[in-house]
Amino acid sequence: MNRKDSALIVVDTQRGVVGNGAEAERVVGKIMAAVTKARAAGVAVAWVQHEDDNLVRGSDAWRLAEGLAAEEGDLFVAKRYNSSFEETGLDETLRERGIRTVILAGAATNWCIRATAYGALDRGYDLVLLSDAHTTGDLEIAGGPTIPASVLIAELNVALDNLEYPDRTSRSIPSGELAFG
């Protein structure tokens with residue numbers, strides 16, 4: 001990946017979100033390793049934090065999960081919808097910086113990661129999902145089965161590896177394979 005036109009977008013890695021995710025501690029470690037690698041390469045890092053009645057700005061649930069550390073110079077985006085692009089200014093900020101590739105990590109896989117991934121692709125960005133750096137909880141369907149978090153995570157990884165859009169790419173890779181040229 002070209003470090004000058006890439007940005008790492010870390011979505012909803014807040015205590016009140018990640019704490020409910022499968023293998024949360026391992027995922028947080030993978031995310032922080034990707035953040036460290038991106039910063040070392042001069043790649044922009046954006047922290048997206050959801051705000052609503054359950055995630056009130058400044059509350060303990062709203063804060064970044066233990067083990068994650070934002071720094072001065074990182075981008076900060078507050079959102080109210082699942083997609084990090086809806087009514088946030090993220091798209092404009094990325095375009096101003098010449099970003100073409102969005103690298104995605106965070107939570108929750110089946111909600112905000114999925115919506116942000118499709119939002120990035122719909123806006124013309126190339127997309128890389130860090131396959132081992134996103135999480136969610138089991139999905140209990142009323143009157144139906146419970147879908148394990150591991151299935152939701154695997155499904156999104158496979159889906160993003162197989163999507164086809166004109167003039168852009170979509171793929172998932174393990175965070176250990178993240179490299180900047």
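Working from Cα pairs under 8 Å separated by at least six residues, relative contact order for region 46-181 is 19 percent. Were the residues from residue 54 through residue 123 laid out at 0.36 nm apart, the gain over their Cα-Cα distance would be 21.9 nm. The HN-Hα couplings worked out from phi for region 146-151 by the Karplus form 6.51 cos²θ - 1.76 cosθ + 1.60 (θ = phi - 60°) are 9, 9, x, 3, 4, 6 Hz, whole numbers, x standing for Gly and Pro. Stretching the chain fully between residue 26 and residue 158 yields a gain of 45.5 nm (0.36 nm per residue, less the alpha carbon separation). Other residues within the sphere of radius under 11 Å centred on the Cβ of residue 148, judged by their own Cβ, net out at -3 (K and R +1, D and E -1). Local charge for residue 173 was computed over the other residues whose Cβ lies under 13 Å away, with Lys and Arg +1 and Asp and Glu -1, and equals -1.
Fewest to most neighbouring Cβ within 10 Å: what's the order for 37, 30? Present the calculation step by step, with values, prior to reporting the outcome.
Details: 37 16, 30 21.
Listing 37, 30 from fewest to most nearby Cβ atoms yields 37, 30.
Footprinting exposure proxy ranking of 125, 81, fewest other C-beta atoms within 10 angstrom first, gives 81, 125.
Note on residue 37: aspartates and glutamates with a C-alpha under 20 Å away, same-chain residues under 8 apart excluded, are 5, 12, 25, 66, 71, 72, 74, 126, 132, 177.
Compute the Cα gyration tensor for the chain, then decide on rounded, prolate or oblate, letting a ≥ b ≥ c be the square roots of its eigenvalues: rounded whenever a/c is under 1.5, prolate when a/b is larger than b/c in the other cases, and oblate in all that remain. Mind dumping the intermediate values first?
Working: a/c = 1.43, a/b = 1.19, b/c = 1.20.
Rounded, since a/c falls under 1.5.
Of all the options 54, 82, 110, the one that moves most in a Gaussian network model of the chain with Cα springs shorter than 10 angstrom is 54.
Proximity of backbone amide H atoms, modeled 1.01 Å from N, is registered between residue 131 and 173, 175 at under 5 Å, excluding neighbours fewer than 5 places apart on the same chain.
Ranked for footprinting exposure by Cβ neighbours inside 10 Å, fewest first, 72, 51 give 72, 51.
Computed from the coordinates by the stated procedures, all read-outs in this text should not be read as laboratory data. Because the structure is a prediction, the values reported are computed rather than measured. With ideal geometry, Cβ positions are generated from the backbone for all residues, glycine too; neighbour counts draw on all protein chains shown.
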